[in-house]
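Some notes on the structure that comes next.
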14 protein chains.
Amino acid sequence: MDSNTLISVASIVTAGLTISIGSIAPALGEGRALAQALSAIAQQPDEANTITRTLFVGLAMVESTAIYCFVVSMILLFANPFLSS
Amino acid sequence: MDSNTLISVASIVTAGLTISIGSIAPALGEGRALAQALSAIAQQPDEANTITRTLFVGLAMVESTAIYCFVVSMILLFANPFLSS
Amino acid sequence: MDSNTLISVASIVTAGLTISIGSIAPALGEGRALAQALSAIAQQPDEANTITRTLFVGLAMVESTAIYCFVVSMILLFANPFLSS
Amino acid sequence: MDSNTLISVASIVTAGLTISIGSIAPALGEGRALAQALSAIAQQPDEANTITRTLFVGLAMVESTAIYCFVVSMILLFANPFLSS
Amino acid sequence: MDSNTLISVASIVTAGLTISIGSIAPALGEGRALAQALSAIAQQPDEANTITRTLFVGLAMVESTAIYCFVVSMILLFANPFLSS
Amino acid sequence: MDSNTLISVASIVTAGLTISIGSIAPALGEGRALAQALSAIAQQPDEANTITRTLFVGLAMVESTAIYCFVVSMILLFANPFLSS
Amino acid sequence: MDSNTLISVASIVTAGLTISIGSIAPALGEGRALAQALSAIAQQPDEANTITRTLFVGLAMVESTAIYCFVVSMILLFANPFLSS
Amino acid sequence: MDSNTLISVASIVTAGLTISIGSIAPALGEGRALAQALSAIAQQPDEANTITRTLFVGLAMVESTAIYCFVVSMILLFANPFLSS
Amino acid sequence: MDSNTLISVASIVTAGLTISIGSIAPALGEGRALAQALSAIAQQPDEANTITRTLFVGLAMVESTAIYCFVVSMILLFANPFLSS
Amino acid sequence: MDSNTLISVASIVTAGLTISIGSIAPALGEGRALAQALSAIAQQPDEANTITRTLFVGLAMVESTAIYCFVVSMILLFANPFLSS
Amino acid sequence: MDSNTLISVASIVTAGLTISIGSIAPALGEGRALAQALSAIAQQPDEANTITRTLFVGLAMVESTAIYCFVVSMILLFANPFLSS
Amino acid sequence: MDSNTLISVASIVTAGLTISIGSIAPALGEGRALAQALSAIAQQPDEANTITRTLFVGLAMVESTAIYCFVVSMILLFANPFLSS
Amino acid sequence: MDSNTLISVASIVTAGLTISIGSIAPALGEGRALAQALSAIAQQPDEANTITRTLFVGLAMVESTAIYCFVVSMILLFANPFLSS
Amino acid sequence: MDSNTLISVASIVTAGLTISIGSIAPALGEGRALAQALSAIAQQPDEANTITRTLFVGLAMVESTAIYCFVVSMILLFANPFLSS
């Protein structure tokens, strides 16, 4: 088992775990915020615009942590700095 | 056990775990948002359109984290960059 | 233990775990949404049609994450790309 | 330990785990929806028909994720594609 | 350790785990639905018939996931397809 | 270590785990239903008969999942189909 | 390490785990039912007799799952069917 | 390492774990019932006698599961049936 | 590593774990009952005597499960029946 | 690695784990009782004396389980009965 | 397996775990704060500006812990101080 | 690896784990009591003195369990009784 | 595998775990405090200044525990005292 | 692998785990107290001074458990008593 194989295996497993574990919390957090937004709209329909705007800006911020994980995952798969070519 | 076999095994296990773990949180989050949406419609039927529209845009955003996992899973199965052909 | 046997074993175990783990969250999420829908109908019977329609469109979206897992599971069992024939 | 034995053992263990893990969430989800349905009937007896109908259609949808697991489990036991005959 | 012994051990352990893990969720779900049914009867005694009927049809549906596990467990013990006679 | 010893050890461990794990959920579910029944009687004493009858029929249904586990456990101890005599 | 020693060790460990794990849920379930019974008596003192009677019949049913575990545990210690004398 | 040593070690570890794990649930259940009893007395001081009597009979029943574990633990330490003298 | 050393090590580890795990639940249960007692006194100061008396009798009963663990722990440390002197 | 070294290592690890695990529950239980005491004083300032007195007697009882663990821990460190001098 | 390979593998696995574990809590915390912000806007629309401003300053502070993890992850991948070039 | 090295390693790991695990519960318990104290002051400002005094005496009692762990940790690091000098 | 390599690997893994585990609780705690602050502003807009000021001082205190972890992580990566240069 | 290397590795891993695990509970506890403080200020603005003062004294007490862990962590890194120089 040469060196590149070992690094490849570690990269594959890590890439998969990174994006799968890293998508747990953003999805839960976004689902919670989305649920609260719908409840807020039902409670105060006149403020639907403000609520929706705040919601989507906030969702983008929560999504950013998932993006960090996706970036690391893609780096490991396609631009692995440790892999000697 | 040659190098390709080891990478194949790691890819198979990782692909399965990535999509299965990665689908936990989106499904829970979407279920929560969906439940709240139904509650909001029952509470404020006149705003059903606004609520439904916000719901589906939000669900798409939550779904995106599941898509990240599905993409990584498909890459590992069908376009594995580490597999020497 | 030749290479194909090892890949077969990994595929079998992964296929089973993928669909079983991947069906946890959708079932919980759908159960939650369904429970809320029944509660909403009891609370606002006149909106039963809107609620039911939104429910089933939403359930299909939640179900989609289970389908991703089922697809990966079937690919591993019947169209395994790593198995040399 | 020949190749078929190893695949057999993996299939047995996976088949059992798939159906047992895969039946956790549907049973919990269905129990929750059923409990809510009974509560809704007690609250709004006049809508018992609508509630019951929505309940059973929804239960069938939740049950579907258990069926996926049962199908994979049966395939592994009786139509194992990796087992050389 | 011949091949049949290994398959026997795997079948024994799997059969036990399948039915024991598989009976967790149905028992919890049925307990929850049953508790809610009693509460609903106390709240709306006049609908006791509708509630009881819906309860037992629903319990049968929840029980079905336990039955799947019991079936797989019995197959492994008494009709094991992998055991060479 | 001959073959029968190994099967015996696996049977002993599995029999114990099956009944102990399998008795967790029924006991919790029955406790919950029983607690709710007492609360329902206190709330609606006139319906004590209906409540008690529904309770015991339901408890029997929940108990059935514990019985499945007990049956498998006894089969493993006293009628083990894999044990060559 | 002869065969009887191994079976003895497995029996000892299994007997202890079976009764200790198997006593978790009944104790919790009985505690819950007992707590609810006391609350029900405080709420409806006139029905103390009905409540107490239902409580003790129900407790006996919950206790039965602990008894199953105790029986298996005693069988393993004093009437072990696998132990050659 | 002769046979008696191995059985001794297994007995020591099992005896300790049995009583420690087995005392978790009874203590929690009794604490819960006791807390509810105090709350019930504060709510209905006139029924303090009935409540206290039901409490102690119930506590004895919950305690019984701890006693089962203590009995098994003492048997393993002082009357070990597997230990050749 | 002679036989006595192995039994000593097992006794030390088991003694520590037994009392530490065994003290978790009594402390939690007693804390809960104590908290409820204080709340009950604040709610019904005239019954402080009855509440306090019931509290301390009950605490002694909960404490008994911790005592079982302490007894086993002390037996293992100072009166170990398996240790050849 | 002689016998005393092994016993020393086991004693060190066990002593640390015993007091650290054993201090979890008392601290949580005491925190809970203390919080409830403060709430009770705010609700019924006239009974501050009774509440405080009951609180500290109760805290001492909860603390006793932590003391058991501390005693075992000190015995293992400074009066180890298994250590040949 | 030379020294650089081992450090590479450790860096890959650690980088992935760091960002994936480190993104769990910020995403949950931000989702919670965002949900509360939407609820606060619906409750007090006139203070939407103050609420939104406080929200985004606070989110940046929560995000900072995710940034710490991202920084460490990037250092390990692209500026590894332990890797001899 | 001589005997002192092994004892040193065990002491280091144990010392760290003891204080880190041992500080979990006191911090949580103190946080809970502190939160309740602030709530009590807001509810009954006139009793701020009694509440604060009871709070700090109680916090000291909760802190004592953390001190036990700190003492054991320091003993292991600086006054290790097992380390031959 | 020389000594420096082993220390390097341990430092890399520890640095990553330290900051990732250490950022869980601060992010959760800050998110909770932030959410409560927004709720408090919506409830008492006139005190927005006091609330915001207390919030940010408190957040800095919570953040300090994350800083401790970041400091240890940076020390391990860039100023490792155990690494012989 | 000489003795100092092993102690170094153990110290590195322990130092990191100590501060990371040890910072979980203080951060959660402080976040909870801080959140309650903000709620108390919104509820009783006139007592803001008393609340803030009690809050910061209490936070310092909670922080002390994190300091214990930080101290042990720094001792292990920079003043390791077991490391022969």
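The values are calculated or read from the model by the stated rules, or taken from the named source; none is laboratory data. All of these numbers come straight from a predicted model, not from anything done at the bench. Using ideal geometry, Cβ is built from the backbone for each residue, glycine included, and neighbour counts are taken over all protein chains shown. Just so you know, the surface numbers come from the protein's heavy atoms only, side chains and all, with ligands and any DNA or RNA stripped out. Shrake-Rupley method; radii C 1.70, N 1.55, O 1.52, S 1.80 Å.
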- Find the residue count for region J:3-50, including only residues that are farther than 19 Å from residue L:30 by Cα and either open to solvent by less than 10 Å² (accessible area, probe 1.4 Å) or at the interface with another protein chain (Cβ under 7 Å from one of its Cβ atoms) (or both). 21
- Message: If I filter region J:31-44 for residues that are in contact (Cβ under 8 Å) with a residue 12 or more places away in the chain and within 12 Å of the chain's Cα centre (by Cα), do I get at least one hit?
- Response: no
- Task: Considering each of N:56, N:82 in turn, give the residue that is part of a loop (DSSP other than H, G, I, E, B) and either more than 7 Å from chain M (Cβ to nearest Cβ) or under 21 Å from residue L:44 (Cα atoms) (or both).
- Result: N:82
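Does residue I:73 fit the bill of being under 22 Å from residue J:20 (Cα atoms) and either open to solvent by less than 30 Å² (accessible area, probe 1.4 Å) or in contact with a Lys or Arg (Cβ under 9 Å, 6 or more places away or on another chain) (or both)?
Yes: the conditions hold for residue I:73.
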- Message: Can you tell me which condition residue M:75 does not meet? The list is (1) at the interface with chain N (Cβ under 7 Å from one of its Cβ atoms); (2) assigned to a helix (DSSP H, G or I); (3) in contact with a helix residue (DSSP H, G or I) (Cβ under 6 Å, 6 or more places away or on another chain), and all the others hold.
- Response: (3)
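Which ones in region A:1-26 are within 21 Å of residue K:62 (Cα to Cα) and touching a residue at least 12 places away in the same chain (Cβ under 8 Å)?
Selection gives A:18, A:19, A:21, A:22, A:23, A:25, A:26.
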- Item | Filter result for residue N:61 (assigned to a helix (DSSP H, G or I) and farther than 22 Å from residue L:33 by Cα) | no
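Just give me the residues in region G:47-85 being among the acidic types (Asp, Glu) and at pLDDT 90 or above, in sequence order. Spell out the reasoning first.
At the first step, the residues of region G:47-85 found to be among the acidic types (Asp, Glu) are G:47, G:63.
G:63, the sole residue that qualifies.
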- Please tell me if residue L:65 is of a type in the set (S, T, N, Q), more than 8 Å from chain J (Cβ to nearest Cβ) and open to solvent by less than 10 Å² (accessible area, probe 1.4 Å). no
- Would you call residue D:70 closer than 18 Å to residue B:35 by Cα, of a type in the set (Phe, Trp, Tyr) and assigned to a helix (DSSP H, G or I)? no
- Item | Selection within region C:51-69 - closer than 18 Å to residue B:28 by Cβ and touching a residue at least 12 places away in the same chain (Cβ under 8 Å) | C:55, C:58, C:59, C:62, C:63, C:65, C:66, C:68, C:69
